[in-house]
Structures are given as structure tokens and as C-alpha cells.
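The values are calculated or read from the model by the stated rules, or taken from the named source; none is laboratory data. Since this is a predicted model, take the numbers as computed values, not measurements. Virtual Cβ from ideal backbone geometry, glycine too; neighbours counted across all protein chains shown.
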Amino acid sequence: MATFAKSSFSANNYYDMARQQRQFPQGKYILRSQKKSPDGQQYGIYLYYYWRGMHVRRSVDMYVAQKDWNQEANGGAGEFRSSYGPNYKVRNAYLKELMHDIDCKIMDYIKLHGEIDGDTIEAFVISDSSDQMYSVGKERIKQVR
């Protein structure tokens, strides 16, 4: 005689299987391109956050052709492909560091206050000084020389 295992399905387990709401927003990089783009055309890279209906975008002052950008890499956050050139690793490291810094600020804010709204995220994303970006570029030029 065959014995059957008891089913572990119950109403409580059903609700546990639902998609969990994200505790804090995570950024990603998007390439602002047209649907029909000519080959070799370079487009700006934007840091993008979406949280509870609010979109926050900020340019990182980097440009790349579509063939040199991989949107699925880095966990969906996007990064430069090796076909971009010899300094693609430096640029990818910079993009990861920039997003990591903003993500850490957002997580710290949530730990302190319990929740966050879109205006606060926008303040974190936009307030990150563009002078910092240019200083990183200047340091890189000095290292190369």
C-alpha cells in the first residue's frame, strides 16, 4: 500500500510565499537612449531610483555607446563592457562606489527614522556633489601623468 506525505500547504504558508516588499530602494544605472539609435551614438548614463511611485534620476556625466553598455550586469544595475576601452574597470568601480555610498545613506536613514519618502531619496541622490565627480577625474589624470 502506498503512503502519501502530508501536504505542507496551509493558508499561513500561502501568504509567506508572496513577494516581499523591498525594505529600501536600490539604485541602478540606465542608459538614456532612443529606441531607434544609430550605431556609434553615445548616450548619457543616469543613476536611477524608484520608490513608491517617485522616479529620481541624476546624470553621472559619463557617455557610452549602446554596444559598450551591459544593463543586465552587476545584478541589473548596469556597467561598461570590456569593449568600451582600457579604463572600463575604473569606470565600473566608480559607478559601484557612487551607488554604494547613496545606498548606505538611504539604509542609515531608514534605520534611524523607520521609513523614507521620495523627497528624501531625491535629496540624497542630487545632493551628492558633482565636485566630487570632477575631483575623482582630476586625481585619475594626475596618476596617469
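The figures follow:
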quantity	calculated
Residue match in region 89-111 (condition: surrounded by fewer than 10 Cβ atoms within 10 Å (Cβ to Cβ), modelled with pLDDT of 80 or more, outside any strand (DSSP E or B) and of a type in the set (Lys, Arg))	yes
Pick from region 112-131, criterion aliphatic (A, V, I, L, M) and either over 15 Å from ARG52 (Cα atoms) or in contact with a Ser or Thr (Cβ under 7 Å, 6 or more places away or on another chain) (or both), ranking: modelled with the lowest pLDDT	ILE126
Top-ranked residue of region 18-37 - restricted to ones that are farther than 30 Å from LYS111 by Cα and modelled with pLDDT of 75 or more, ranked as nearest to the chain's Cα centre (by Cα)	LEU31
Meets criteria (in a loop (DSSP other than H, G, I, E, B) and modelled with pLDDT of 80 or more) for ALA77	yes
Neighbours by Cβ (under 8 Å, 6+ apart or cross-chain): first from region 29-44, surrounded by 14 or more Cβ atoms within 10 Å (Cβ to Cβ) and hydrophobic (A, V, I, L, M, F, W, C); second in a loop (DSSP other than H, G, I, E, B) and modelled with pLDDT of 75 or more	ILE30/GLN71; ILE30/GLY78; LEU31/GLN71; LEU31/GLY78
Residue list for region 52-62, restricted to those being surrounded by 15 or more Cβ atoms within 10 Å (Cβ to Cβ) and either modelled with pLDDT under 85 or more than 14 Å from the chain's Cα centre (by Cα) (or both)	MET62
